[in-house]
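Trainee: Take a look at the following structure, please.
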Amino acid sequence: MKTYQTNQIKNIALLGNTGSGKTLLAESMLFEGKVIERKGTIEGKNTVSDYTDIEQQNLRSIFSTILYTEFKDNKLNIIDTPGSDDFVGAVITSLRAADIGVMTINAQYGVEVATEIFNRYAEHMHKPLIFAITQLDHEKANYDQAIESLKQSFGKKVIQIQYPVATGSGFDTFIDVLLMKMYKFSGDTGQREELDIPASELEKANELHNALVEAAAENDESLMEKYFEQGSLTEDEMRRGIRVGLSNRSLFPVFCTSAKKNIGTKRLMEFIINVAPDPSRVPLLPTVEEKEVKCDANAPTSIFVFKTAIESHIGEINYFKVMSGKVTEGMDLVNSKNDTKERLSQLYVVAGKNRVKVSELVAGDIGATVKLKSTKTNHTLCGTGIEVNYIPIKFPEPKFRTAIRAKNESDTEKMGELLHRAHQEDLTILVEHSKELKQIIVSGQGEHHLNILKWHLTNIHKIDVEFISPRIPYRETITKVALADYRHKKQSGGSGQFGEVHIIIEPYTEGSPEPSKYKVAGKEIALNVKGKEEVSLEWGGKLIFYNCIVGGAIDTRFLPAILKGIMEKMEEGPLTGSYARDIRVAVYDGKMHPVDSNEISFKLAGRNAFKTAFKEAGPKIMEPVYDVEVLVPSDKMGDVMSDLQNRRAMILGMGSDKGFEKINAKVPLAELNKYSTALSSLTSGRATYTMKFANYEQVPSDVQDKLLKAYDADQDEE
Ligand SMILES: Nc1nc2c(ncn2[C@@H]2O[C@H](COP(=O)(O)OP(=O)(O)O)[C@@H](O)[C@H]2O)c(=O)[nH]1
Ligand SMILES: [Mg+2]
């Protein structure tokens, strides 16, 4: 393949709801560019894009696929993406590499859930959008309704470049109001005839043409002046105006397609080539170092890895975008994140699983390489004369959490490795080996997302795994002062064990004064602090341990053992075995035996005294609470609100955000189990939400009672 220069490259991401026709549109683009000789079909499981087993089995895209096509001396890099929110990780990484989004709008349904969701990401990342109305040959296609729904969601920014003369099985003609020509197709190979617009369509065509001219002029003052003077613009002037409007997202042009019949693909590609911005004309990607790096082929080399995948027969493959300079086969670069030297021993451009070796790629282009040592998604590699890290892609917080276990215990280690790999391939899959919960917790973007992961483990790697309810990381604490004395005494054979401690415990809060006088259970106690140890607990919160022994009642050398005993109980709280936190303990008295006292005895005495005092000190269970933000269409607001209330949510606020109602609430993690699935079924998939850990709060007493009972029952069983 020849080397394409920056101004001959366009990078597009295909975005849109599942089933709208992205994968088939990609296929049609590859066919038009003669990258493939025959078009595959989704049902035939032979498209270039959906090439993995799991995609073919599901008849839908699950991963992003990097493709390219060559057309009119330009190279179009195309990234086909999955259409569901569960796989948003693949959509976000694709958008990072792309300079333009082509959003497919199914002519049967118009704007769908994912259209809105993915547009929000595109907006956030400042990516221009082109709409392609798809499947116009479908018998249920309704072009006018699709346009109407677009206008409802995107307002006046929606500008039709084309419209179909008729839709359904007879769809073979559209009118292009930028070129003011009619295109008539025959067969399904994209053969087209360019015709004059017939008189019967002239009025409509002129009206849309004028709207387009006006929209184009609006984006450029000099064009506006010209338009006022002459009442029209040339084709080139229109392109200039549209390019500006497209780039700053004030204009969303709409195209007509049927990928199945290969109608409209060529014209869409021509428009992208002639009008859409090339990689050097889009906003610069910021770097951690706040250095500006221009997309310039003659500058020092930097590349950004936006996707890491593990492919059968090849192993790890890294997909990257050349951000500046050029890369050549055999070039040495340095990973700016971990300073590893990496050699690009092989360079490829890829179309699905087909790789074509190339010797050079210039700034703006997208390619792939293999056999890198320690480079993964989000890493930057640099050549000489530059050292930057492009800001990493930020992923949404997980929405679905479950525990996973290998049905056959001997598979556990292998499962762990595979989960780690799954995370590297998809950074929205998080894996935690929780020592606390004694579970492996996986989280992702939805139930479907994790079910796919499970399918992979079971069917590809042949290990049987199951999802089980994830435990909740409760915490235990106390709410008032309490005393306890405990004597550990044991006489067995020769030497015995003896240790006695008297302690006082109370809740710890940051900044409270040192302990001094107490009146508890009718006793008055005055403490004299001799020593203090502050333990920052691994699981959050603190334990403060005071030595207030008077008159040498207990030897100082036994104090560490007492603390050790208390810590054992902090790690396995007296109520439910959860971690305890935010407590202070003062040892103020006790007894020793000249022969029988030893560390074990004092450890046990400390542990049991603590346990006894804890239960007297108004113990409480605390649960993790999450900040939840739900975006919901207004007609579903009531349902979503009452569901939240059933989940013990505290509603913090409500408002509107871009046509959605927004609810902010605090919800206990215990009530969020499978929330993404529940919300989806409540709203037919039209709502989205985010959740993020906020803080620990005391559980209500009825919940506490239930937890205590459940723990006791569990203990009895064991
Ligand atoms: N009639 C018709 N069906 C299409 C067209 N494009 C896609 N489809 C069908 O719509 C379904 C979804 O297509 P696909 O490309 O997988 O959509 P994606 O999920 O957006 O990638 C498949 O059954 C396709 O055969 C089209 O132009 N016309
Ligand atoms: Mg697809």
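Trainee: So, with a 1.4 angstrom probe, what is the percent of accessible area on region 622-703 that is carbon and sulfur?
Mentor: Answer for region 622-703: carbon and sulfur cover 47 percent of the accessible area.
Trainee: A further question on this structure: Do any trypsin sites (Lys or Arg not before Pro) in region 365-411 lie in a loop, going by DSSP, with at most 13 other beta-carbon atoms within 10 Å of their beta carbon, and if so which?
Mentor: For trypsin sites (Lys or Arg not before Pro) across region 365-411 that sit outside H, G, I, E and B with at most 13 neighbouring Cβ atoms in 10 Å, the list reads Lys373, Lys394, Lys407.
Trainee: Taking a 19 Å limit on the Cα-Cα distance, which of the listed pairs Lys399/Lys662; Lys2/Lys326; Lys438/Lys706 fall beyond it?
Mentor: Details: Lys399/Lys662 17 Å; Lys2/Lys326 14 Å; Lys438/Lys706 21 Å.
Correct reply: Lys438/Lys706.
Trainee: I would also like to ask the following. Exceeding 27 Å between C-alpha atoms, which entries from my cross-link table qualify? They are Lys45/Lys127; Lys353/Lys407; Lys45/Lys266; Lys530/Lys611; Lys75/Lys357; Lys435/Lys542. Let's see the in-between values first.
Mentor: Working: Lys45/Lys127 31 Å; Lys353/Lys407 33 Å; Lys45/Lys266 24 Å; Lys530/Lys611 24 Å; Lys75/Lys357 15 Å; Lys435/Lys542 19 Å.
Distance filter (> 27 Å) returns Lys45/Lys127; Lys353/Lys407.
Trainee: For a quick check of understanding: with a 1.4 angstrom probe and all protein chains in place, what accessible area in square angstrom does Met180 have, to the nearest ten?
Mentor: 50
Trainee: Given H placed on each backbone N at 1.01 Å, which residues far from Ala98 in sequence or on other chains put an amide H within less than 5 Å of it?
Mentor: none
Trainee: Another question, then. Report Asp73's accessible area, 1.4 Å probe, all protein chains in place, as a number in Å² to the nearest 10.
Mentor: Accessible area, nearest 10 Å²: 90 Å².
Trainee: Extension gain Glu235-Asn354, at 0.36 nm per residue separation less the Cα-Cα distance, in nm? Don't skip to the answer; put the middle values down first.
Mentor: Values: separation 119, 0.36 × 119 = 42.84 nm, distance 3.81 nm.
Full-extension gain reported as 39.0 nm.
Trainee: Using the basic label-point model (7 angstrom from Cα toward the beta carbon), what is the Glu270 to Glu289 distance in nanometres?
Mentor: About 4.5 nm separates the two model spin labels.
Trainee: Just to make sure I understand: if all protein chains stay in place, what is the order of Trp455, Trp539 by accessible area at 1.4 Å, largest first? Walk me through the numbers on the way to the answer.
Mentor: Values: Trp455 55, Trp539 30 Å².
Result of the area sort, largest leading: Trp455, Trp539.
Trainee: Write down the Å³ per residue value for the convex hull defined by the alpha carbon atoms of region 254-338. Before the final figure, lay out each step's value.
Mentor: Details: hull volume 15.8 nm³, N = 85.
With only Cα atoms used, region 254-338 gives 186 Å³ per residue.
Trainee: Please report Rg (one decimal) and Dmax (integer) in Å for the Cα set of region 482-615.
Mentor: 14.5, 49
Trainee: For the full complex of protein chains and a 1.4 angstrom probe, list Val481, Val388 by accessible area with the highest value first.
Mentor: Numbers: Val481 45, Val388 0 Å².
Order by accessible area, largest first: Val481, Val388.
Trainee: Using the reciprocal of the averaged 1/r over all distinct C-alpha pairs, how large is the Kirkwood radius of the chain in Å? All intermediate terms of the calculation are to be shown ahead of the outcome.
Mentor: Numbers: mean 1/r = 0.0337 Å⁻¹.
Evaluated over the chain, this radius sits at 29.7 Å.
Trainee: Next up: Alpha carbon centre of region 394-463 versus region 164-191: separation in Å?
Mentor: Comparing the Cα centres of region 394-463 and region 164-191, I get a distance of 48 Å.
Trainee: Now, a different point. Can you compute 3J(HN,Hα) from phi for each residue in region 44-54, using the Karplus curve 6.51 cos²θ - 1.76 cosθ + 1.60 with θ = phi - 60°, rounded to whole Hz and x for Gly and Pro?
Mentor: With coefficients 6.51, -1.76 and 1.60, one gets x, 6, 10, 7, 5, 6, 7, 9, 8, 3, 5 Hz.
Trainee: If you count only protein heavy atoms with a 1.4 Å probe, what accessible area per residue comes out for region 476-618, rounded to a whole Å²?
Mentor: Values: 6920 Å² over 143 residues.
Normalised by residue count, the accessible surface of region 476-618 is 48 Å².
Trainee: Sticking with this structure for a sec: How big is D, in µm² s⁻¹, for region 144-285 by Stokes-Einstein at 4 °C and 1.567 mPa s if Rh is the Kirkwood radius over C-alpha pairs?
Mentor: Numbers: Rh = 16.0 Å.
It diffuses with D of about 81 µm²/s by this estimate.
Trainee: Related question: What are the ³J(HN,Hα) values, in whole Hz, obtained from phi via the Karplus relation 6.51 cos²θ - 1.76 cosθ + 1.60 with θ = phi - 60°, for each residue of region 289-297 in sequence order, with x given for Gly and Pro?
Mentor: With the stated coefficients, region 289-297 comes to 7, 6, 9, 7, 10, 7, 7, 10, 5 Hz.
Trainee: What does DSSP give for the chain in terms of the percent of beta bridges that are antiparallel, rounded to the nearest 5?
Mentor: In the chain, DSSP labels about 80 percent of beta bridges as antiparallel.
Trainee: How many percent of the alpha carbon pairs in region 264-310 exceed a separation of 17 Å?
Mentor: Working: 606 of 1081 pairs.
It works out to 56 percent of all Cα pairs.
Trainee: What is the gain in length, in nm to one decimal, between Glu207 and Ala710 on full extension, counting 0.36 nm per residue of separation less the C-alpha to C-alpha distance? Don't skip to the answer; put the middle values down first.
Mentor: Values: separation 503, 0.36 × 503 = 181.08 nm, distance 7.11 nm.
Value of the extension gain: 174.0 nm.
Trainee: Ok, one more. Order Arg475, Arg192, most accessible first, counting only protein heavy atoms with a 1.4 angstrom probe.
Mentor: Working: Arg475 15, Arg192 70 Å².
Ranking Arg475, Arg192 by accessible area, largest first, yields Arg192, Arg475.
Trainee: Compactness ratio of region 101-215: Cα Rg over 2.2 N^0.38 Å, N = residue count?
Mentor: Working: Rg = 14.8 Å, N = 115, 2.2 N^0.38 = 13.4 Å.
Cα-based Rg divided by the globular estimate yields 1.11.
Trainee: Any chance you could check the Cα centroid distance between region 247-284 and region 643-690 for me, in angstrom?
Mentor: 36
Trainee: Hey, can you grab everything whose amide H is under 5 Å from the amide H of Gln439? Only 5+ residues off in sequence or another chain; H modelled, so Pro and N-termini drop out.
Mentor: Correct list: Ser434.
Trainee: Something else about it: Quick one: which residues, 5 or more positions from Tyr626 or on another chain, have an amide H under 5 Å from its amide H? H modelled 1.01 Å from N in the peptide plane, none for Pro or chain starts.
Mentor: Counting only residues 5 or more places away or on other chains, the set is Val667, Leu669, Ala694.
Trainee: For region 622-703, what mean projected area does the convex hull of the alpha carbons give, in nm²? Spell out each step's value before the answer.
Mentor: On the way: hull surface 20.4 nm².
Convex hull of Cα atoms, orientation-averaged projection: 5.1 nm².
Trainee: Would you calculate the separation in nanometres between label points at Asn528 and Asp332, each defined as 7 Å from the Cα along the Cα-to-beta-carbon direction?
Mentor: Using points 7 Å along Cα→Cβ, the separation is 7.1 nm.
Trainee: Mind putting a number on the dipole of region 476-618 about its Cα centre? Charges go on the C-beta only, +1 for Lys and Arg and -1 for Asp and Glu, and I need it in Debye to the nearest 20.
Mentor: Working: 20 positive and 19 negative charges, 71 e Å.
Taking the Cα centre of region 476-618 as origin, the dipole is about 340 debye.
Trainee: For the modelled label position 7 Å from the Cα of Gln5 along Cα-to-Cβ, which residues of region 298-312 have backbone nitrogen atoms closer than 17 Å?
Mentor: Zone members listed by number: 298-299.
Trainee: Under a Cβ-only charge scheme (Lys and Arg +1, Asp and Glu -1), can you give me the dipole magnitude of the chain about the Cα centre, in debye to the nearest 20?
Mentor: Details: 90 positive and 101 negative charges, 321 e Å.
With only Lys, Arg, Asp and Glu charged at Cβ, the dipole is about 1540 debye.
Trainee: While we're on this one: Taking a 28 Å limit on the Cα-Cα distance, which of the listed pairs Lys564/Lys591; Lys376/Lys414; Lys181/Lys260; Lys480/Lys603; Lys156/Lys692 fall beyond it?
Mentor: Numbers: Lys564/Lys591 18 Å; Lys376/Lys414 21 Å; Lys181/Lys260 23 Å; Lys480/Lys603 24 Å; Lys156/Lys692 36 Å.
Table pairs above 28 Å Cα-Cα are Lys156/Lys692.
Trainee: While we're on this one: Using only the alpha carbons of region 302-382, what is the convex hull's orientation-averaged projected area in square nanometres? Could you put the intermediate results ahead of the total?
Mentor: Values: hull surface 17.9 nm².
That works out to 4.5 nm².
Trainee: Carbon and sulfur atoms: what percent of the 1.4 Å accessible area of region 340-490 do they account for? Numbers along the way, then the final one.
Mentor: Details: 3320 of 7070 Å².
Ligands and nucleic acids excluded, carbon and sulfur reach 47 percent.
The values are calculated or read from the model by the stated rules, or taken from the named source; none is laboratory data. Predicted model only: the values in this text are computed from it and were never measured. Neighbour counts are summed over all protein chains in view; Cβ atoms, including those assigned to glycine, are modelled from backbone coordinates with ideal geometry. Only protein heavy atoms, including side chains, enter the accessible area calculation; ligands, DNA and RNA are left aside. Shrake-Rupley method; radii C 1.70, N 1.55, O 1.52, S 1.80 Å.
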